[in-house]
There are 2 protein chains.
Amino acid sequence: MPRFFIGGGSNIAGGVAFIGGEDAAHAKVLRIRVGDRLIVCDGAGKDHHCTVTKVTDRQVEAEVFETVPCPGEPSVHVTVLAGLPKGDRADFIVQKCTEAGASEILFFPCHRCVARLTGPSEKKVARWQRIAEEAAKQSGRGIIPRVGVLEDLAQAFNRANATDLPLFMYETGEQRKTLKDVLENAGTISSAAVITGPEGGFEPYEAQLAEVMKLHICSMGPRIFRCETAPMAALAAIMYATGNM
Amino acid sequence: MPRFFIGGGSNIAGGVAFIGGEDAAHAKVLRIRVGDRLIVCDGAGKDHHCTVTKVTDRQVEAEVFETVPCPGEPSVHVTVLAGLPKGDRADFIVQKCTEAGASEILFFPCHRCVARLTGPSEKKVARWQRIAEEAAKQSGRGIIPRVGVLEDLAQAFNRANATDLPLFMYETGEQRKTLKDVLENAGTISSAAVITGPEGGFEPYEAQLAEVMKLHICSMGPRIFRCETAPMAALAAIMYATGNM
């Protein structure tokens, strides 16, 4: 069913949903007609199911007949923290992690990052946020994951440590536990964080720092994932382990 | 460590590895020198660890000092069977599923496939096979997953039913079990197959056919994955569940 988010040109007042702005253009592409059903999501996990009552060139009006919790939201709030990659790999991470159920996607610079946020990073973040919105609509999410950029790895550690299960994915080293061991020993969690590196991975001192900061140093098995694949693979495993997939 | 596969220009005879052809060009890019270490994989799960003894413009010679099972190979042999998608989505599936540990990746046409294999499909398959080889090298696999095209969905069902756990991923319907339930009740498996649909998903009759053919009809949770994301997400869950991630 077509899905719109409040804020992106759509709104709800007095039991009526108004689809305007870019969303109205999208509704036109979808050939939405009077009598059709659609969902307007409040972006905070609630879905308003509506029946279209009026279609004009610039707006669609629809009557709300039911408001329910969005079934697409996982029970666990996962923050993806990824070393800023080059080129369109960040786009990829945003899109795929939104599909897989991430609640927040934050990039950070670290030692081996080749990519630099040159120029106005607001423009890049706005672009990633649009990718997240599109993916949230397509995959039936109840929220649009927030996308952002942190100042450094220390901030990423702090964000991770604010969750029930802070995970630092590292591709080498004896101190690693398997993701499976960590997840199975975690008990019931309501939040988690996954930290993954940039193209060249992490420097040993960065992994040592993660250990000092008491994050779980995790292995994702003997295969080396590309930097853009690792967050999504870890997220799928977390969703699977917590009964959300 | 640099990784080459026998067949792609490399060979081993009498305890000496010869890196030639395209692989030699690649070795040049990597600036491989006498004394460096590299791995020549036999493509059947064995890694030959070598020390470089001679470098010429057209060939690298290296002495084998140890032959071990490739640690990158998962204990479970997973066949990915995907409805043929449009554009570069197939490339994406091949690359990501190779990283995640698939043993075979086969595409098939079905009802809602928009993509058609026009022209000589051998060319496309050869291209996908090269993508699989690159990804196998990068991720440390012990084999290069075989990529191919099946004639129809019936062939996909037969391939899936030849494994211990044939899974049909379907995004709707009451008859679905969760992937977690199916995997947890499967016991120890040495092989599995994941069938996923093209852009528009499967027609209800195709899912009914899968049921008749006794495949497990599985849900991947309440979120709808894009056709290129679903195989990789399912594969990650299988690798996690079977202790391979």
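To keep it simple, each residue is scored yes or no on (1) among the acidic types (D, E); (2) within 25 Å of the chain's Cα centre (by Cα).
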site: A:P2; (1), (2): no, yes
site: A:N11; (1), (2): no, yes
site: A:G21; (1), (2): no, yes
site: A:I32; (1), (2): no, no
site: A:R37; (1), (2): no, no
site: A:D42; (1), (2): yes, yes
site: A:D47; (1), (2): yes, yes
site: A:V52; (1), (2): no, no
site: A:T56; (1), (2): no, no
Based on what the data block shows, is B:K46 touching a residue at least 60 places away in the same chain (Cβ under 8 Å) and in contact with a strand residue (DSSP E or B) (Cβ under 9 Å, 6 or more places away or on another chain)? yes
Taking the stated definitions as given, is A:L106 assigned to a loop (DSSP other than H, G, I, E, B), closer than 30 Å to A:D23 by Cβ and not basic (K, R)? no
Pairs returned, first residue in region B:73-94 that is within 13 Å of chain A (Cβ to nearest Cβ), second residue that is in a strand (DSSP E or B) and hydroxyl-bearing (S, T, Y), beta-carbon separation under 7 angstrom, 6 or more apart or interchain, are B:V76/B:S191
Can you find a residue in region A:124-142 that is of a type in the set (A, V, I, L, M), more than 14 Å from every other protein chain (Cβ to nearest Cβ), in a helix (DSSP H, G or I) and over 13 Å from A:P231 (Cβ atoms)? yes
Here is a list: B:T163, B:T196, B:T172. Which entry is among the β-branched types (V, I, T) and more than 21 Å from the chain's Cα centre (by Cα)? B:T172
Identify all residues within region A:154-174 that are in contact with a Pro (Cβ under 8 Å, 6 or more places away or on another chain) and at pLDDT 95 or above; write none if there are none. A:F157, A:A160
Inside region B:159-245, counting only helices (runs of 4 or more DSSP H) that do not spill past its ends, which hold 1 or more residues that are buried (at least 17 other Cβ atoms within 10 Å of the Cβ) and away from chain A (no Cβ under 12 Å)? B:204-212
Can you list the strands (runs of 3 or more DSSP E) lying wholly within region B:5-88 that have 1 or more residues being among the polar types (S, T, N, Q) and surrounded by 20 or more Cβ atoms within 10 Å (Cβ to Cβ)? B:10-13, B:77-83
Answer residue from region B:143-158, given it is crowded, with 20+ Cβ neighbours inside 10 Å and not in a strand (DSSP E or B) and is nearest to the chain's Cα centre (by Cα) among those: B:P145
Suppose we filter B:Q138, B:Q95, B:Q129 for residues that are more than 12 Å from the chain's Cα centre (by Cα) and not assigned by TED's automatic domain parsing to the domain that holds B:L38; which single one remains? B:Q138
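The values are calculated or read from the model by the stated rules, or taken from the named source; none is laboratory data. Since the structure is predicted, the reported quantities are computational estimates derived from the model, not experimental observations. Backbone-built Cβ (ideal geometry, glycine too); neighbour counts: all protein chains shown.
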